[in-house]
Amino acid sequence: MRPALAAPTPPTRAAPAPPGPSRVRPAVAWPVLPVVATVLLLCLPGDRGPAVGAAGGLSAADMASAVLVVVCAVWLLRGRRQPLSGTAAVVPAALAVALAVVTVASHDPVASLSGFLRFLQLFVLVPLAVLVALRGHRDFRLVAVSVVLLAAVQGAVGTHQYVTGTGASYMGQDIRAVGTFGPLDVMGMATAVSYGLIIALGLALAPPATAPRWWRPAALGCAALLLVPLCVSFSRGAWIATAVAATAVLLLAGLRQAVRTLVLVVCAGVVLVGGAGIGSGMIAERLSSITQVTGTPDQSVTDRYAMWAAALSMWRDEPWTGVGPRGFAAHRDGHASVALSSASDIAGAGRAFTREPLLSPHNMYLLVLSEQGLAGATALAGAWVALMLGALRRLADRRRAGEALDTGLIAAGLLIWQTVNFLYSDIGGSSAVLTAVMFGLIAWWALAPASLGRSGPRPAAAPPVPVSRSGSGSGGRVPVQAARPGEANGGAR
């Protein structure tokens, strides 16, 4: 008897991709684009008319941040983003509740309303929107690179201002680098450049596995070049904060790599700043004024200490809820000493000479303590402690897992920089929205689910697809494993 011939096997068909989360998501999710736009819009001139970026005005970046908040709120409500974790929801909620309480309890709740909205924008809404918008490390790096680009643009403008004598007035000369932020926001360029330097350092110390070979030297070169505009910004607070944050990032990256990178960056900085003779005498004099309290200190130092004393006096009068958001200026004269000049000279960078009133103590902690009392200060400090603990814990977890650490180093460095810099500055001007975006990056790293930090969930194995096959001695249905995507009709015959 002739043996029966086996029926030809039908081509194996791949099972359809399951719906929902298992589908491969795009490399960059579109909601991150408003975050990038918010950052890059800060390249536009921010000092063109009254109140732009100040207490009563809105900059283009502020309006972009409002669009970002609306987009992410709609995205979250429509279920296109998984709900926030408990910690990620509680931390900003507690901050918002504390702010609402101190606003209602202030001497003039109506006058404090604008301060409430500004604080809510910068420390709750925008950071929360950034946390929602980011879908993974690629999005994080995209925003980080946009900040480095902003820092490069502002640094180039600021260095040109110093070289050509077209910057803000400093010691009788128009040499202070302020970038496109203008003399009304003298800390704006220094803040952007410092952020870019810390980010570039983090990208250089722990580049992702897929980074090209030029990634590390390019990032180190950016960090070294940004030292120049940082120096000619003559911002003492930014110098101190950058030194502390950069040291912390280097140590978190590992001692051996820290020493090697520190030598390279310092040598490059010495060549660029010292070797070229860029303001070395003025920089040394500015550094020496940091600890000058007795004798004949710089007037700016005298004003700063006088405002710090005034802020503490306000807090002693209203220890629990303070004088209300944006209430410092109204209560300043009743608590300040006669040493306070009450206004600072503003000139240069295309602006005529004016005297601008001193509306804050230039210390974020004392500002919150005087305006929001212990209620607001405790909520803010608690939020930052939660961010720091979450950032360091996640950094340790990824180190043990052998995963890329660049985003973690950046988040930790930015948070350390901000907490130190707030000893010498507070929120104000159009550059404040950049600070809000940085807190969003930090919050994503510290509070987002760990699953978002990976390349995406592994596609689930397709279930076996029953295929009818005839054969000798069997008339039933034999289960055949479905081919994996991309292998349909392409297997060996």
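List of remarks:
- In the set (1) touching a strand residue (DSSP E or B) at 6+ places or on another chain (Cβ under 7 Å); (2) closer than 30 Å to Val69 by Cβ; (3) of a type in the set (Phe, Trp, Tyr), the condition left unmet by Phe140 is number (1).
- For first residues located in the range 232-249 and closer than 16 Å to Leu415 by Cβ and surrounded by 24 or more Cβ atoms within 10 Å (Cβ to Cβ), partners that are modelled with pLDDT of 95 or more and among the aromatic types (Phe, Trp, Tyr) and lie 6+ apart or on another chain with Cβ distances below 6 Å form the pairs Ala241/Trp417; Ala245/Trp417.
- Applying the set (1) aliphatic (A, V, I, L, M); (2) part of a loop (DSSP other than H, G, I, E, B); (3) open to solvent by 50 Å² or more (accessible area, probe 1.4 Å) to Leu340 leaves exactly one unmet item: (3).
- Lone unmet requirement of (1) of a type outside the set (Ser, Thr, Tyr); (2) modelled with pLDDT under 95; (3) touching a helix residue (DSSP H, G or I) at 6+ places or on another chain (Cβ under 7 Å); (4) open to solvent by 10 Å² or more (accessible area, probe 1.4 Å) for Asp185: (3)
- So Arg332, is it among the basic types (Lys, Arg), open to solvent by 50 Å² or more (accessible area, probe 1.4 Å) and either at pLDDT 80 or above or within 26 Å of Pro183 (Cβ to Cβ) (or both): no
- Taking the range 423-435 as the range and being among the hydrophobic types (A, V, I, L, M, F, W, C) and either within 17 Å of Ala246 (Cβ to Cβ) or in a helix (DSSP H, G or I) (or both) as the test, the residues that pass are Leu423, Ala432, Val433, Leu434.
- Some residue of the range 349-363 being over 21 Å from Ala96 (Cβ atoms), modelled with pLDDT under 80 and open to solvent by less than 60 Å² (accessible area, probe 1.4 Å): yes
- Against the numbered list (1) part of a strand (DSSP E or B); (2) touching a helix residue (DSSP H, G or I) at 6+ places or on another chain (Cβ under 9 Å), Leu359 comes up short only at (1).
- Only one of the listed residues (Val193, Val126) is more than 24 Å from Ala223 (Cβ to Cβ) and buried (at least 19 other Cβ atoms within 10 Å of the Cβ). That residue is Val126.
- Number of residues in the range 139-156 that are in contact with a Cys (Cβ under 7 Å, 6 or more places away or on another chain) and free of Cβ contacts under 8 Å to residues at least 60 places away in the same chain: the value is 0.
The values are calculated or read from the model by the stated rules, or taken from the named source; none is laboratory data. None of the values given here were measured: they were computed from a predicted structure. Cβ sites come from the backbone with ideal geometry, for glycine too, and all protein chains shown count toward neighbours. We work out accessible area using only protein heavy atoms, side chains counted, and drop any ligands, DNA or RNA first. Shrake-Rupley method; radii C 1.70, N 1.55, O 1.52, S 1.80 Å.
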